[in-house]
Amino acid sequence: MTASPSAEPAQIVVRLEAPFTDQKPGTSGLRKSSRQFEQPHYLESFVEAVFRTLPGVQGGTLVLGGDGRYGNLRAINVILRMGAAHGLNKVILTTNGILSTPAASNLIRKRNAIGGIILSASHNPGGPDGDFGVKVNGSNGGPTPGSFTDAVFECTKSLEQYATVEAPELTLVTPGTHNIGGLEVEIIDGVDDCVALMQQLFDFDQISALLRSDFPLAFDAMHAVTGPYAKRVFEDLLGAAAGSVRNGIPLEDFGGGHPDPNLTYAHELADLLLKGDDYRFGAACDGDGDRNMILGNRCFVNPSDSLAVLTANATLVPAYASGLTGVARSMPTSSAVDVVAKTLGIECFETPTGWKFFGNLLDAGRITLCGEESFGTGSNHVREKDGLWAVLFWLQILAARRCSVADIMSSHWQRFGRHYYSRHDYEAVPSDAAHGLYDRLEGLLPGLVGQSFANRNITGADNFSYTDPVDQSVTKGQGLRILLEDGSRIVVRLSGTGTKGATIRVYLESYVPSTGDLHQDPQIALAEMISSINSLAEIQQRTGMDRPTVIT
Ligand code: VG1
Ligand code: CO
């Protein structure tokens, strides 16, 4: 441990020539290109607004880290200096500034911090030509609510100056304690606390017995944040073969890849599992470690189904052995989990897209598990989705049931029926074209009820609005829904995380009961709905794209 001398550093007030007007956070924090973040004072403006808005900064403890992308260490040092100027008492950092989003959530809770700042643009590419992002979490460990991000945005729009101090750069290579004036900077190993939490939740001996049997697994960290965590957990502690964790060293540009664990961007892993027979289990996580993709031999697990399977099998995990209080899913996520919740006799909530909407339900003890179709699953152990946790949950189920991933899916559908589901993403669409398409479709909605669509009647069409059951706050305009008479539905949304043009997301869902055909290709099962929404929304004409960028 080293303690640097703590002479009171000089306070500096920097005046802005003009405020920034574009610092509105999206679905998950402020996300912009690295170049935008490199403009003089850009990061500082947002951080100043955060420090002025977040309760408890004076004398408080803050957790700080990121997914290791280009700009991470620079941003950490900027925030440390500004934190010192704003009277923070302590900042908890992790070695090399590497901290996954769920690990940050855990640290905030464990160390009674006022919150955390996570430097990540999640699954967006990194590097000088990629994206950077800043997420702010509150004292419960979860993403701050819309009321907070709105207040931060308002503050940035009229910001005249920010405060910082002079201090030498920290390199964060080794654990230790430093001081910047009255601010204590504690650097810890970020993996330890996360591993300890996982060991409390899961039966590591049972999973280890599985992994030490004939059960080769491949985990793809995509050169992003989960590498060090995954190596410790899967290889060092659970006994998976050395090399099971692939692309395990975090790189500033994620090795040039797109750290989004789906069939398109994690195709190397997908090919290993879906086209070959060397592995029984495969998983990948995203840039900041909160997403997960689960694969079995010749089997892709749709994330909506994954949430349903975890719910149905939760009592196999020690932490959930006594059952779940309730579950929640985001609106575009399929209703597969609803059917399980009904069978279990527990509450099931439908929230808007984004993890922040689960926070109140988790804090109030109304739900134990929650998830989104976008490869996010989590529980009340933290207040973020948690990629590694989801992988361990699946391994625990496999260790207890000793069957293949494909068997688990088949038996699940035989019991609950199958929700055929797919998401079609049209990325980097010119903003005007995307908004034109969306606005036109919204305008059509009132006239759609009673009309025929994909050989079914439309029974409802609206823009989803949510009333939080805990604090009664209302969130409107969360996505266009077209509901069909047989429970099928189509949802159209514009992404709130993209940085290039606009991304249109089309979500398709259709239920087949356990007596129906359970083993179709979802693109075929949903084909009629796909072509109907394409023509109704004029997707091809308006985007100029003849197929989606990503199909899940
Ligand atoms: C996307 C997903 C959403 C998720 C969000 C943040 O948002 O659809 O489900 O919560 O990313 O995840 P959007 O607005 O682009 O559809 V992460 O891993 O980027 O923090
Ligand atoms: Co993420």
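Observations on the model:
- Residues in the range 282-304 that are more than 10 Å from ligand 1 (Cβ to nearest atom), small (Gly, Ala, Ser) and within 21 Å of Ser122 (Cα to Cα): Gly282, Ala283, Ala284, Ser304.
- If you go through the range 499-508 and keep only what is crowded, with 22+ Cβ neighbours inside 10 Å and either in contact with an Asp or Glu (Cβ under 6 Å, 6 or more places away or on another chain) or small (Gly, Ala, Ser) (or both), you end up with just Arg505.
- Look at (1) surrounded by 15 or more Cβ atoms within 10 Å (Cβ to Cβ); (2) more than 15 Å from ligand 1 (Cβ to nearest atom) and you find that Gly133 fails only one, number (2).
- Residue check, Asp236 farther than 27 Å from His123 by Cα and free of Cβ contacts under 8 Å to residues at least 40 places away in the same chain: no
- Strands (runs of 3 or more DSSP E) wholly inside the range 342-448 that include at least 3 residues being crowded, with 24+ Cβ neighbours inside 10 Å: 369-372, 376-379, 418-429
- Unmet criterion (only one of (1) assigned to a strand (DSSP E or B); (2) within 16 Å of ligand 1 (Cβ to nearest atom)) for Leu64: (2)
- Any pair with Cβ under 6 angstrom, 6 or more apart, that starts in the range 440-461 at a residue that is within 11 Å of Leu536 (Cβ to Cβ) and ends at one that is polar (S, T, N, Q): Phe453/Ser532; Ala454/Ser532; Ile458/Gln451
- The residue that is nearest to ligand 2 (Cβ to nearest atom), counting only those in the range 78-133 that are in a strand (DSSP E or B) and within 17 Å of Pro175 (Cβ to Cβ), is Ile98.
- Condition broken by Leu483, with the remaining ones in (1) within 21 Å of the chain's Cα centre (by Cα); (2) not in a loop (DSSP other than H, G, I, E, B) satisfied: (1)
- Filter pass, Pro102 being within 16 Å of ligand 1 (Cβ to nearest atom) and at pLDDT 95 or above: yes
- Output for the range 509-535, where each listed residue is in a helix (DSSP H, G or I), among the hydrophobic types (A, V, I, L, M, F, W, C) and surrounded by 19 or more Cβ atoms within 10 Å (Cβ to Cβ): Ala525, Met529, Ile530, Ile533
- Residue check, Gly59 without any contact (Cβ under 8 Å) to a residue 60 or more places away in the chain, on the phi > 0 side of the Ramachandran plot and surrounded by fewer than 19 Cβ atoms within 10 Å (Cβ to Cβ): yes
- Filter result for Cys403 (touching an Asp or Glu at 6+ places or on another chain (Cβ under 8 Å) and hydrophobic (A, V, I, L, M, F, W, C)): no
- Which numbered condition Lys157 misses (of (1) within 16 Å of ligand 2 (Cβ to nearest atom); (2) within 21 Å of Ser33 (Cα to Cα); (3) not β-branched (Val, Ile, Thr)): (1)
- Among the residues making up the range 10-40, those that are touching a helix residue (DSSP H, G or I) at 6+ places or on another chain (Cβ under 9 Å) and assigned to a loop (DSSP other than H, G, I, E, B) are Leu16, Pro19, Phe20, Thr21, Asp22, Gln23, Lys24, Pro25, Thr27, Ser28.
- Boolean, Leu251 is more than 16 Å from ligand 2 (Cβ to nearest atom), closer than 29 Å to Pro128 by Cα and of a type outside the set (D, E, K, R): yes
- Elements of type helices (runs of 4 or more DSSP H) in the range 141-249, at least 1 residues being closer than 30 Å to His267 by Cβ and touching a strand residue (DSSP E or B) at 6+ places or on another chain (Cβ under 9 Å): 190-201, 204-212, 227-230
- So Gly29, is it at pLDDT below 95 and within 16 Å of ligand 2 (Cβ to nearest atom): yes
- Pairs with Cβ under 8 Å, 6+ apart, first in the range 519-544 and acidic (Asp, Glu), second in a helix (DSSP H, G or I): Glu538/Leu437; Glu538/Arg440
- Residue match in the range 345-356 (condition: more than 24 Å from the chain's Cα centre (by Cα), away from ligand 1 (no atom under 12 Å from the Cβ) and among the aliphatic types (A, V, I, L, M)): yes
- Elements of type strands (runs of 3 or more DSSP E) contained in the range 260-322, each with 3 or more residues being buried (at least 18 other Cβ atoms within 10 Å of the Cβ), modelled with pLDDT under 95 and out of contact with any Pro (no Cβ under 9 Å at 6 or more places or on another chain): none
The values are calculated or read from the model by the stated rules, or taken from the named source; none is laboratory data. Only a predicted model underlies this, so the values are computations on that prediction, with no experimental measurement involved. Note that we place each Cβ from the backbone using ideal geometry, even for glycine, and neighbour counts take in every protein chain shown.
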